[in-house]
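A.B. asks: Structure provided below as structure tokens; questions to follow.
The values are calculated or read from the model by the stated rules, or taken from the named source; none is laboratory data. Nothing here was measured: the structure is a model prediction, and the numbers come from that model. Don't worry about glycine lacking a Cβ; one is built from the backbone with ideal geometry, like all the others, and counts go over all protein chains shown. Side chains included, ligands, DNA and RNA excluded: accessible areas come from the protein's heavy atoms. Shrake-Rupley method; radii C 1.70, N 1.55, O 1.52, S 1.80 Å.
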Amino acid sequence: MAHAPAPSPHSPEPQRDHRWFWGLAIAALGLWLIGLGGMPLRDWDEGTYGLLAREMVRSRDWLHLSIFGEPFWLKPPLAIWLMALGYQIMSWGGELGSPWLEFSLRAPLAIASALGVPLLYCLGRELFRDQRHAIYPAVIYLTLLPVVRHGRLAMLDGIVNTAMILLFLCLFKAKKRPVWAMGMGLCLGAIALTKGILVLAIWGIAGLYILLSQRWELFRNSYAWLGLFLGLALTTAWYIAQYHTYGANFLTVHFGAQGFDRLGDAVEGNDGPLWYYLLEIVKYGWPWLVFFPIGVKQAGQQWKTWGLLALLGFSLFLAVVSGMGTKLPWYLFPCYPFLAVILGGYFATVQRPKRGYGYFFAFLTMVAIAGGIYLAVADPQLPLLITAVCATLTFGSGARVLLKQLGGDRLFCTLAIGLYCSLASLFCSQSWVWEVNEQFPVQAIGAIIQAETPPDAVIYMSHPDGRPSLDFYSDRPLIPADLPTLQAHHATHFLLVDTATRDAIGPATELATANGFHLLAPWSP
């Protein structure tokens, strides 16, 4: 049977593809970058990675990770390289202050994360027959709160998602153009150099999909083997360099404390029930999540096209992370592209959503109104009030479309535009990194420490827990200590203490105070 001729690059369809790719890229970059430097780095990961990136630039050692001269063995370096590059480019004119400091560290990873949106559109073009249907999963992915908010942070998971989406895109493209298969191994290498053994789970999903979809031609594709060799070679080269410098201790810590230990144990007390990640999806997947049950049904019916990849990726990765001993919200991140495909598949196959959904959206409208009233009283930030208004209008309009049965495309456009505006206004507020409000603010304390202490100072503090964000803004290591230890070091070290501890220590020379903490100089009677 003769194959249909490939569309000409000058035909309307490829041109529309290009417009959609760049349009989605611009929309994603706008949402990922707006207000990016408006909030300080949070504990733990952002503060730690910020320390690593800044020290990498200062030491000019881009091969070994360290914090205040001490080797850091817990993570591979790819994300830190990108953060260091952003910091170096923006600091060429001198030392950076807020908000450019935070922006320089977050922006490279945010850009990498945002590129997952147009790449998911390209993957959708391979999965769905209709060009219009490929838009659905990309836009849903663009407007999922956990995807955008977490992808904006200086963390590793956005890069992993983008590399994973590109991996599957290369897998599909390789059927017509074998050279694309080279990208699969390179993407696996990028994932391995970002989050280590996570690559095994993604490799397993890709391998199982290849077997179930019977894509045997990949095993005969020399480009696929070349890409796998290159990805493995690049990853192995970095690990060999670390082993050469640090010996077997590096491998024990890297693959133990940050790898296999987390599979069976709750590292650092981060545990949870088996259904922990299901609750995470239920908490943050609205309003798109209401269409998930029928989306799963549609995926099962479209098993031979888009359903196999969507259901296999979502269920298998959810099972892997749910079975791990350590539970952290961002471990769920690779599930979201598959979730977006399932939800997009619903809109691709259902022309007129059920009228009963309208009552649910009416309920969401009332929730948004109540939330807006609460924010107006408790935290009257203009961007947050705009977010509440946008959400109210979005859910209310969605309810009207559903109750009047105006069609699936009308509903999709209403939700997409409204959620995009809601998220954009949220990211202009001082609340999108809500974790920084869980403890005392650190920027003012860091400023007085930098102003009043020498660069090589080691400072003991009364706060019982270490805070990488405080170390970052202080540009000094701060060591938690109890009262006897603070009294023992009072004569030789600077101390950062709260008021009660300062009074308990006795005579002291106070250099400065900020946010309820006092910086004390070494005391000589």
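A.B. asks: Those residues that are of a type outside the set (A, V, I, L, M, F, W, C), part of a helix (DSSP H, G or I) and over 24 Å from LEU289 (Cβ atoms), I need them from region 347-386; list them, please. Break it down into steps so the answer makes sense when it comes.
C.D. replies: The initial filter retains those residues of region 347-386 that are of a type outside the set (A, V, I, L, M, F, W, C), namely 349, 351-359, 365, 371-372, 374, 379-381, 383.
Now narrow it down to the ones that are part of a helix (DSSP H, G or I): 349, 357-359, 365, 371-372, 374, 383.
Scanning region 347-386 gives a single hit, PRO383.
A.B. asks: Exactly one of (1) open to solvent by 10 Å² or more (accessible area, probe 1.4 Å); (2) within 26 Å of the chain's Cα centre (by Cα) is unmet by SER429. Its number?
C.D. replies: Of everything listed in (1) open to solvent by 10 Å² or more (accessible area, probe 1.4 Å); (2) within 26 Å of the chain's Cα centre (by Cα), SER429 misses just condition (1).
A.B. asks: Here is a check on your reading of the model: is GLN450 closer than 26 Å to VAL57 by Cβ and open to solvent by 20 Å² or more (accessible area, probe 1.4 Å)?
C.D. replies: Values: closer than 26 Å to VAL57 by Cβ: yes; open to solvent by 20 Å² or more (accessible area, probe 1.4 Å): yes.
The answer is yes for GLN450.
A.B. asks: Another question, then. If we keep just the residues of region 466-480 that are surrounded by fewer than 21 Cβ atoms within 10 Å (Cβ to Cβ) and not charged (D, E, K, R), which is nearest to GLN439 (Cα to Cα)?
C.D. replies: GLY466
A.B. asks: Right, here's the next one. Restricting attention to region 164-184, which residues are closer than 18 Å to GLY313 by Cα and either open to solvent by 10 Å² or more (accessible area, probe 1.4 Å) or more than 17 Å from the chain's Cα centre (by Cα) (or both)? Working first, answer last.
C.D. replies: Going through region 164-184, the residues closer than 18 Å to GLY313 by Cα turn out to be 164-172, 184.
Within region 164-184, LEU166, LEU167, PHE168, LEU169, CYS170, LEU171, PHE172, MET184 meet the criteria.
A.B. asks: Look through PHE494, PHE472, PHE517 and report the one residue that is in contact (Cβ under 8 Å) with a residue 40 or more places away in the chain, in contact with a Pro (Cβ under 8 Å, 6 or more places away or on another chain) and either more than 24 Å from GLU70 (Cα to Cα) or not aliphatic (A, V, I, L, M) (or both). Break it down into steps so the answer makes sense when it comes.
C.D. replies: Working: PHE472 fails: in contact with a Pro (Cβ under 8 Å, 6 or more places away or on another chain); PHE517 fails: in contact with a Pro (Cβ under 8 Å, 6 or more places away or on another chain).
Answer to the selection: PHE494.
A.B. asks: Looking at this structure, is ALA237 in contact with a Leu (Cβ under 9 Å, 6 or more places away or on another chain), at pLDDT 90 or above, small (Gly, Ala, Ser) and assigned to a helix (DSSP H, G or I)? Please lay out each step first, then the result.
C.D. replies: Numbers: in contact with a Leu (Cβ under 9 Å, 6 or more places away or on another chain): no; at pLDDT 90 or above: yes; small (Gly, Ala, Ser): yes; assigned to a helix (DSSP H, G or I): yes.
Against the criterion (in contact with a Leu (Cβ under 9 Å, 6 or more places away or on another chain), at pLDDT 90 or above, small (Gly, Ala, Ser) and assigned to a helix (DSSP H, G or I)), ALA237 does not qualify.
A.B. asks: Continuing with the same structure: All but one of (1) exposed (fewer than 14 other Cβ atoms within 10 Å of the Cβ); (2) at pLDDT below 90 hold for VAL458; which doesn't?
C.D. replies: (1)
A.B. asks: State all residues of region 288-309 that are of a type in the set (Phe, Trp, Tyr) and under 27 Å from TYR420 (Cα atoms); if no residue qualifies, say none.
C.D. replies: Initially, region 288-309 is screened for residues of a type in the set (Phe, Trp, Tyr), giving 288, 291-292, 303, 306.
Those that are of a type in the set (Phe, Trp, Tyr) and under 27 Å from TYR420 (Cα atoms): TRP288, PHE291, PHE292, TRP306.
A.B. asks: To continue, here is another question. Does any residue in region 310-327 that is within 16 Å of TYR209 (Cα to Cα) come within less than 7 Å, Cβ to Cβ, of a residue that is part of a loop (DSSP other than H, G, I, E, B) six or more places away or on a different chain, and which pairs are these?
C.D. replies: These pairs meet every condition: PHE317/PRO334.
A.B. asks: Further question on the same structure: Any residue in region 345-356 that is open to solvent by 100 Å² or more (accessible area, probe 1.4 Å) sitting within a Cβ distance under 7 Å of a residue that is among the polar types (S, T, N, Q) and in a loop (DSSP other than H, G, I, E, B)? List the pairs, counting only those 6 or more apart or interchain.
C.D. replies: ARG352/GLN405; ARG355/GLN405
A.B. asks: Then there's this: Taking the condition of being part of a loop (DSSP other than H, G, I, E, B) and surrounded by fewer than 17 Cβ atoms within 10 Å (Cβ to Cβ), how many residues in region 268-293 meet it?
C.D. replies: Step one: of region 268-293, the residues part of a loop (DSSP other than H, G, I, E, B) are 270-275, 285-287.
In the following step, the residues that additionally are surrounded by fewer than 17 Cβ atoms within 10 Å (Cβ to Cβ) were identified as 270-271, 273-275, 286.
Here the count works out to 6.
A.B. asks: Test LEU169 against the criterion of being within 23 Å of TRP20 (Cα to Cα) and either touching a Leu at 6+ places or on another chain (Cβ under 7 Å) or part of a helix (DSSP H, G or I) (or both), and give yes or no.
C.D. replies: Yes: the conditions hold for LEU169.
A.B. asks: In this structure, is VAL296 touching a residue at least 40 places away in the same chain (Cβ under 8 Å), open to solvent by less than 20 Å² (accessible area, probe 1.4 Å) and of a type in the set (A, V, I, L, M, F, W, C)? Let's see the steps before the verdict.
C.D. replies: Working: touching a residue at least 40 places away in the same chain (Cβ under 8 Å): yes; open to solvent by less than 20 Å² (accessible area, probe 1.4 Å): no; of a type in the set (A, V, I, L, M, F, W, C): yes.
So VAL296 fails the test.
A.B. asks: In region 137-158, how many are open to solvent by less than 10 Å² (accessible area, probe 1.4 Å), part of a helix (DSSP H, G or I) and closer than 14 Å to TRP432 by Cβ?
C.D. replies: 4
A.B. asks: Kindly provide the set of residues from region 379-399 that are over 16 Å from THR365 (Cβ atoms) and among the polar types (S, T, N, Q), ordered by number.
C.D. replies: Answer for region 379-399, where residues must be over 16 Å from THR365 (Cβ atoms) and among the polar types (S, T, N, Q): just GLN381.
A.B. asks: Just for helices (runs of 4 or more DSSP H) wholly inside region 400-502: which have at least 1 residues that are of a type in the set (Ser, Thr, Tyr)? First the steps, then the outcome.
C.D. replies: On the way: elements: 408-427, 443-452, 468-474, 483-489.
Ranges flagged: 408-427, 468-474, 483-489.
A.B. asks: Has region 185-204 got any residue that is more than 20 Å from TYR420 (Cβ to Cβ), β-branched (Val, Ile, Thr) and either assigned to a loop (DSSP other than H, G, I, E, B) or open to solvent by 30 Å² or more (accessible area, probe 1.4 Å) (or both)? Outline the logic, then answer.
C.D. replies: Of all residues in region 185-204, those more than 20 Å from TYR420 (Cβ to Cβ) come to 185-204.
Among the residues that remain, those that are also β-branched (Val, Ile, Thr) are: 191, 194, 197, 199, 202.
With either assigned to a loop (DSSP other than H, G, I, E, B) or open to solvent by 30 Å² or more (accessible area, probe 1.4 Å) (or both) added as a condition, the list becomes 197.
The answer is yes, given that some residue of region 185-204 is more than 20 Å from TYR420 (Cβ to Cβ), β-branched (Val, Ile, Thr) and either assigned to a loop (DSSP other than H, G, I, E, B) or open to solvent by 30 Å² or more (accessible area, probe 1.4 Å) (or both).
A.B. asks: When region 157-167 is examined, which residues are found to be of a type in the set (A, V, I, L, M, F, W, C) and out of contact with any Phe, Trp or Tyr (no Cβ under 8 Å at 6 or more places or on another chain)?
C.D. replies: Residues satisfying the conditions are ILE159, ALA163, MET164, ILE165, LEU166, LEU167.
A.B. asks: ALA378 is checked against (1) open to solvent by less than 30 Å² (accessible area, probe 1.4 Å); (2) over 28 Å from the mean Cα position of the chain (by Cα) and fails just one. What number does that condition carry?
C.D. replies: Checking ALA378 against (1) open to solvent by less than 30 Å² (accessible area, probe 1.4 Å); (2) over 28 Å from the mean Cα position of the chain (by Cα), the one that fails is (1).
A.B. asks: While we're on this one: Within region 480-495, does at least one residue satisfy the condition of being under 30 Å from the mean Cα position of the chain (by Cα) and at pLDDT 90 or above? If you could, list the steps in order and put the result at the bottom.
C.D. replies: Within region 480-495, the first condition is being under 30 Å from the mean Cα position of the chain (by Cα), and the residues that meet it are 480.
Filter again for at pLDDT 90 or above, leaving 480.
Among the residues of region 480-495, at least one is under 30 Å from the mean Cα position of the chain (by Cα) and at pLDDT 90 or above, which makes the answer yes.
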